[in-house]
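Every number here is computed from the coordinates shown, using simple stated rules; none is lab data. It should be emphasised that the depicted structure is a prediction, and the values quoted were computed from it without experimental measurement. Cβ atoms come from the backbone with ideal geometry, glycine included; neighbour counts cover every protein chain shown.
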Amino acid sequence: MSVRAKKHLGQHFLKDELIAQQIADSLTGNAYKNVLEIGPGMGVLTKYLLKKPFTTHVIEIDTESVEYLQAHYLNLANRIIEKDFLKVDLKEFFRDEQVAIIGNFPYNISTQIVFKTLENRDQIPEFAGMFQKEVAKRIAETAGSKVYGILSVLTQAFYDVEYLFTVPPTVFNPPPKVDSGVIKLTRKENYELPVDEKLFFRVVKTAFQQRRKTLRNSLKTMNLSDSLREDPIFNQRPEQLSVQEFINLTSKIEKDAV
Ligand code: SAH
């Protein structure tokens, strides 16, 4: 396989077949029939997905990769979308059907891919992806850890997160500078929040913007009543709060009459 990787597209092609297969195997296929692979490149992961009982679609921004896929994966036929994943409306391709997301995609857009998944969670029951290891660990981390942050709380509010395995740079062409990690998200049975979602996102983001401070200090800008600010939860720092405690905190703020 000749490789002229395009750096600006974050192209690091996976050359280890076993890892490609393990990523493909991480999807259960339960309760959905569509899978969308982001950034298939030359199809190393795609060929294992095509063996599965679900229908595989791919979305790829690079014309050269699209031409390669069209020539080599005839059974993918009209399920190749030549577009930027961040810019498409999933409803346009899948209407109201469920679709699992998978991919070894560029690290510079991986956080945006997670946020887009959270926004479209009513349609995305499962997600498996390769990330920069540090980011993968951060998404999977729970309260009390130094790397627990916005992405951990927001993702875990809607999905159960599993860190599957670490992948060394040597299995990519060209090799990236850092280790990678594969994670799997499974949507929670009840993925609706009992509190206002916008407020929840705002509380989490504002709290972690100053992660060393107590919530009493970092949430000052939210105009809370003095009586609410007496609540002992405000003595804590954001990294001490579990996802459920962030939900409880949001609920208290929601009910707070200033
Ligand atoms: N999955 C393949 C390729 C990895 S490289 C493999 O493991 O070998 C990342 C791929 O994502 C490239 O093919 C790149 O062209 C594609 N890509 C980059 N930005 C994208 C975007 N916004 N939407 C869809 N695909 C994108």
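By the rule of a C-alpha distance below 19 Å, with chain neighbours fewer than 8 residues away ignored, the aspartates and glutamates paired with Lys91 are Glu37, Glu60, Glu82, Glu119, Asp122, Glu126. Each Lys or Arg adds one and each Asp or Glu subtracts one; over the other residues with Cβ under 13 Å from the Cβ of Gly149, this totals +4. Fully extending the segment from Ala5 to Glu189, taken as 0.36 nm per residue of separation minus the present Cα-Cα distance, adds 62.2 nm. When the listed pairs Lys33/Lys137; Lys33/Lys87; Lys33/Lys184 are checked against a 21 Å cut-off, the alpha-carbon distance exceeds it for Lys33/Lys137; Lys33/Lys87. Here the Karplus curve 6.51 cos²θ - 1.76 cosθ + 1.60, taken at θ = phi - 60°, turns the phi angles of region 225-236 into couplings of 5, 4, 5, 5, 5, 6, 4, x, 4, 6, 7, 8 Hz, with x standing for Gly and Pro.
Backbone phi angles across region 95-107, fed through the Karplus curve with coefficients 6.51, -1.76 and 1.60 (θ = phi - 60°), yield HN-Hα couplings of 6, 9, 6, 6, 9, 7, 10, 8, x, 9, 10, x, 5 Hz in residue order; Gly and Pro are listed as x. Near Ile102: Cβ cut-off under 12 Å, other residues only, Lys/Arg at +1 and Asp/Glu at -1. The net charge is -1. Between Phe165 and Val182, the built amide H atoms are under 5 Å apart, and every one of these is 5 or more places off in sequence or on another chain. Annotation: the residues Lys7, Lys33, sorted from fewest to most other C-beta atoms within 10 Å of their own C-beta, follow the order Lys7, Lys33. Share of pairwise Cα-Cα distances greater than 28 Å in the chain is 39 percent (whole percent).
Most tightly packed first, judged by the mean number of other beta-carbon atoms within 10 Å of their residues, the peptides 184-196, 155-167, 123-135 read 123-135, 155-167, 184-196. In this structure, the residue pairs whose Cα-Cα separation is over 24 Å, taken from Lys116/Lys213; Lys47/Lys177; Lys15/Lys177, are Lys116/Lys213; Lys47/Lys177.
Summarising the label geometry, the points placed 7 Å from Cα in the beta-carbon direction at Glu134 and Asn223 lie 3.8 nm from one another. Cα centroids of region 46-63 and region 81-146: 16 Å apart.
Based on other C-beta atoms within 10 Å, arrange Lys177, Lys83, Lys51 from fewest to most. Show your work: numbers first, answer last.
Working: Lys177 6, Lys83 14, Lys51 9.
Result, fewest neighbours first: Lys177, Lys51, Lys83.
Rounded to the nearest 500, the 222 nm mean residue ellipticity of the chain from helices alone is -9500 deg cm²/dmol, with -39,500 (n - 2.57) taken per DSSP H run of at least 4 residues.
Karplus-based coupling profile of region 198-212, in residue order and whole Hz: 4, 5, 4, 4, 5, 4, 5, 5, 5, 4, 7, 4, 10, 5, 7, with θ = phi - 60° in 6.51 cos²θ - 1.76 cosθ + 1.60 and x standing for Gly or Pro.
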